[in-house]
Every structure is written in C-alpha cells, then in structure tokens.
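In what follows, a single structure is set out as structure tokens and then discussed.
The values are calculated or read from the model by the stated rules, or taken from the named source; none is laboratory data. Bear in mind that the values here come from a model prediction, so they are computed numbers and not experimental data. Cβ coordinates were reconstructed from backbone atoms using ideal geometry, including for glycine residues, and neighbour counts include every protein chain displayed. Ligands, DNA and RNA are stripped out before the accessible areas are found, and what is left, the full protein with its side chains, is counted by its heavy atoms. Shrake-Rupley method; radii C 1.70, N 1.55, O 1.52, S 1.80 Å.
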Amino acid sequence: MAMFLSRPGPSSPRLVVVKADPSLATDPENFAREYLEISGDAHPLLDAAEVSSSVSLLGTDELNDRPEFADSEFAQVFLPRYELEYAMALHLKIGADQPDAGVAMFRTAGEHDFTDREKGFLRHSGAVLAHSFRCALEAESAIPERTGHLAMLTAREHEIARLAALGSKNDEIAEKLQISPGTVKTHLRNIYSKLEVDSRVHLAMRLAGH
C-alpha cells in the first residue's frame, strides 16, 4: 500500500492513497477516510521523518524508534487493523514557509520488509518527487483570477473550479467549503457548461489560460 501525505497548505490534499492492495478489503477512499479520522490533526509519519535535510528516508526500524510514530494511534491501532507491519517513509521538505510532504509505503506481516535496494530506489527518487511537489505548489499559486471566460463564474464557482482543477474530489471540496457534495456537483455542472469543458483535466487547462 502506498500513500502520499501533505500537511495542510493553501489547498493541498492531506492524503492521497496511491495504491491499496485488494487484500486489505477496503477501497482507497475508505482507507484515506479512516486514516484521517484516527490521525486527527496529528501527522505521525511526517513528524517522525522530518529532519533538516530536504529529503530523508526512514525504514521500519527507524520509524519504530521515533516516538512520534511508534506512540501514535496510527501505529498502534490503524496499522495493526490491516496487519501492516513493514514501512518506509520518504519525507520531502520544500522550504520553511511551504507545506512538507511524504510518500509512505506499507507491507503486511505476511510479506517481507523493504530491502536496501528498494529503499535506495525511493531515496534516489526523492529529488524528482520534491521537484514535482514544488511545481504543484507553484502552479497552485499561479492560477489566474477571474478574467476572460472565467469572469462568467461566480466567486463560489471559481473557488470550486480551482479546487477541482487541483485534484480535489467532490467530498473534499464539500468538506473544505462546508457545503454538501450535491451542491458541489451542481456547481461543477454549471462550471463545465459555462467554460465549455467536460472533465477536470480540461478545467485545469482552461484555468491555466489554455
């Protein structure tokens, strides 16, 4: 199982489950929801992996030696629930005034711990992942104001369009804006019609000025 985590930024997602093994008997969205519920405002993986360097990696033994991770409800309750025993976490530190992020991978007790070769591959990928995360943050701040076609959108529609273009799901937008998912869906239908787009990809391109 693989996850991407980010501390809350301007509109950054807190968690995206990249891949969840079918043997876990849950879909990625449910897994993410359960993680957020049990973790609350804590970030055990990010707190444990955080160091001064821009990229750092911790394996199972190192994580279990960090109280931020080992003493958390996430490690003591959530992981055992799914029999997830082995882990490696890559921490990405973009800058002092920017959200930090991490990539975490887990394996069940029936599998083997991550090898040095696998850890090395993830560690060497760190620079590329950090650059991608930095570009995503820069792209977020570069989305233009409501001019041209975007002037047809109301302030709320523009806000929803921006979040949708950044990859937020309807439920996530609803939670952030304190409205119902049905209202988000209605707004998106109106946004698509006004901007003459038919997908989040086309919406992102339109908001980027294309």
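So here's what we get for this one:
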quantity: Selection count, region 160-181, where residues are at pLDDT below 85 and more than 28 Å from residue 94 (Cα to Cα); calculated: 1
quantity: Pairs, first at positive phi in region 73-91, second part of a helix (DSSP H, G or I) and open to solvent by 30 Å² or more (accessible area, probe 1.4 Å), C-beta under 6 Å, six or more apart; calculated: none
quantity: Selection count, region 38-74, where residues are at pLDDT below 80, open to solvent by 10 Å² or more (accessible area, probe 1.4 Å) and not β-branched (Val, Ile, Thr); calculated: 8
quantity: Complete set of residues in region 102-159 that are closer than 22 Å to residue 192 by Cβ, modelled with pLDDT of 70 or more and among the hydroxyl-bearing types (Ser, Thr, Tyr); calculated: 154
